[in-house]
Amino acid sequence: AQSVTQLGSHVSVSEGALVLLRCNYSSSVPPYLFWYVQYPNQGLQLLLKYTSAATLVKGINGFEAEFKKSETSFHLTKPSAHMSDAAEYFCARGGGGNKLTFGTGTQLKVEL
Amino acid sequence: DTAVSQTPKYLVTQMGNDKSIKCEQNLGHDTMYWYKQDSKKFLKIMFSYNNKELIINETVPNRFSPKSPDKAHLNLHINSLELGDSAVYFCASSHGDPGNTIYFGEGSWLTVV
């Protein structure tokens, strides 16, 4: 089955440090890939998505992700973490019927 | 001006009861979804409707019955609630083609006691 794997269920960074959240996908063809963010007690908000155009995708709130076919990865990065970035982050792939298959999520903690 | 709105946001009910969660979208999308998020925050699709027709049913118990009266609404009715049904249920919508952004509602927190 096609899946998405997020390495690290919890990531902790200092404010101002680089954020790197990892996502790998399994697929024989380039998929549609998404990163969503979920703040406490809220719904999911799209950060960015890859749809086979540019491999470096820029999203909201200073986040970006690079699609690397050779590594089957779509890692999410942000150069400088802010306290407001603390949230749960989900990588997902789109499939038939525009169904999203989600990774298990990564809880990002930002410390002073 | 909520794009995808669902009600109620919080619901506490006893085992065996029947409950419904309503969802409406004002984005003009043709596809709507229900996703379930469990206590470990794992998200999984339950149903998908395109133009009021069921297109995805992910082996959900038949106690769960979605109903789409029109393209803008997708309600979820749950019969004979069980403890294991406690979760957050998210409604979502999009244009149906793969790769289109899926917009999520704020979630409905269901607790079965």
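The values are calculated or read from the model by the stated rules, or taken from the named source; none is laboratory data. If you're wondering where the values come from, they're calculated on a predicted model, not measured in any experiment. Virtual Cβ from ideal backbone geometry, glycine too; neighbours counted across all protein chains shown.
Condition first: touching a residue at least 12 places away in the same chain (Cβ under 8 Å), facing chain B (nearest Cβ under 8 Å) and either touching a Pro at 6+ places or on another chain (Cβ under 6 Å) or of a type in the set (Phe, Trp, Tyr) (or both). Now tell me which residues in the stretch A:89-108 satisfy that.
A:90, A:94, A:102
Can you name the strands (runs of 3 or more DSSP E) wholly within the stretch B:5-113 that have at least 2 residues being in contact (Cβ under 8 Å) with a residue 24 or more places away in the chain and within 12 Å of chain A (Cβ to nearest Cβ)?
On the way: elements: B:10-13, B:19-25, B:31-37, B:43-50, B:53-57, B:64-70, B:73-78, B:87-94, B:108-112.
Here the list reads B:31-37, B:43-50, B:87-94, B:108-112.
Quick check on the stretch A:76-88. Is at least one of its residues surrounded by 18 or more Cβ atoms within 10 Å (Cβ to Cβ), modelled with pLDDT under 95 and either more than 11 Å from chain B (Cβ to nearest Cβ) or in a loop (DSSP other than H, G, I, E, B) (or both)?
no
Can you give me the number of residues within the stretch B:50-70 that are over 12 Å from the mean Cα position of the chain (by Cα), buried (at least 16 other Cβ atoms within 10 Å of the Cβ) and polar (S, T, N, Q)?
Final tally of qualifying residues: 1.
Conditions (1) within 23 Å of residue A:36 (Cα to Cα); (2) modelled with pLDDT of 95 or more; (3) among the hydroxyl-bearing types (Ser, Thr, Tyr), marked per residue:
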{"residue": "B:11", "(1), (2), (3)": "no, yes, no"}
{"residue": "B:36", "(1), (2), (3)": "yes, yes, no"}
{"residue": "B:41", "(1), (2), (3)": "yes, no, no"}
{"residue": "B:47", "(1), (2), (3)": "yes, no, no"}
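So residue A:61 clears everything in (1) part of a helix (DSSP H, G or I); (2) crowded, with 16+ Cβ neighbours inside 10 Å; (3) of a type outside the set (Lys, Arg) except one condition, right? Which one?
For residue A:61, the failing item is (2).
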